[in-house]
Amino acid sequence: MNREQLKELGLTDEQIEEVMKAHGKSVNELKEQVNELESLKAQNEDLNKQLTERDEQLEELKKVDAEGLQAKIDELQQVNEQTKTEYEEKLQQQAFEHRLENTLKDSGVRNVKAVKALLDTETIKLDGETLLGLDDQLKGLQESDPYLFAKNEEQEEQKPNFTQGNHSKSGVESGFGDILLGKN
């Protein structure tokens, strides 16, 4: 209903204004109810969607094989334990190799790689900081292949031998400046 229709019915401007106010109130109340109804509809749809998702999740959980999961967990634990053991063995092997190389260098070995190739590393065991069984093998190698080991005299640092005196060809002493000027 609009104002022109009310004027045609013979209502005064004041009466039209009152009718319009009353009509506006009822329209606003209806709009509020419609908005509330739409909000409730949206909530209802969301709740139904969540309920459907929960039902699907429950169905998926029903399909899960608890025994299969436990078997998988056990398998993964076993694999992790095996990996840990392999890692520890690798660390022990690295410590052994490092200690062996350092001990060989300290023993005066000239070529660590060559001596390691001649050693029976299976019989050498690392016990803390000491290598058990290495001394006997090194003594045997020193007797059979002494060239692999540096002797104590050779280990001393050799110093250059400088001599004093005249080193010119003519036998006449000349200074550095004379040599540069070609007066030698």
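The values are calculated or read from the model by the stated rules, or taken from the named source; none is laboratory data. Computed from a predicted model, the values in this text were never measured in an experiment. Don't worry about glycine lacking a Cβ; one is built from the backbone with ideal geometry, like all the others, and counts go over all protein chains shown.
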Hey, does the stretch 40-58 have a residue that's in a helix (DSSP H, G or I), in contact with a strand residue (DSSP E or B) (Cβ under 8 Å, 6 or more places away or on another chain) and among the hydrophobic types (A, V, I, L, M, F, W, C)?
no
Just to be sure, is residue 95 assigned to a helix (DSSP H, G or I), touching a helix residue (DSSP H, G or I) at 6+ places or on another chain (Cβ under 8 Å), of a type outside the set (Ser, Thr, Tyr) and within 30 Å of residue 127 (Cβ to Cβ)?
no
What are the pairs, 6+ residues apart or on separate chains, where a residue within the stretch 10-21 that is in contact (Cβ under 8 Å) with a residue 24 or more places away in the chain has its Cβ under 9 Å from a residue that is surrounded by 13 or more Cβ atoms within 10 Å (Cβ to Cβ)?
none
In the stretch 120-149, the residues that are farther than 25 Å from residue 95 by Cβ and either in a helix (DSSP H, G or I) or at pLDDT below 85 (or both):
142, 143, 144, 146, 147
Looking only at residues that are of a type outside the set (A, V, I, L, M) and assigned to a helix (DSSP H, G or I) in the stretch 99-119, which one is farthest from the chain's Cα centre (by Cα)?
106
Residue 19 vs. criteria in contact with a Leu (Cβ under 7 Å, 6 or more places away or on another chain) and either within 30 Å of residue 128 (Cα to Cα) or not assigned by TED's automatic domain parsing to the domain that holds residue 126 (or both)
yes
Single condition residue 102 does not satisfy, out of (1) closer than 21 Å to residue 89 by Cα; (2) touching a Ser or Thr at 6+ places or on another chain (Cβ under 9 Å)
(2)
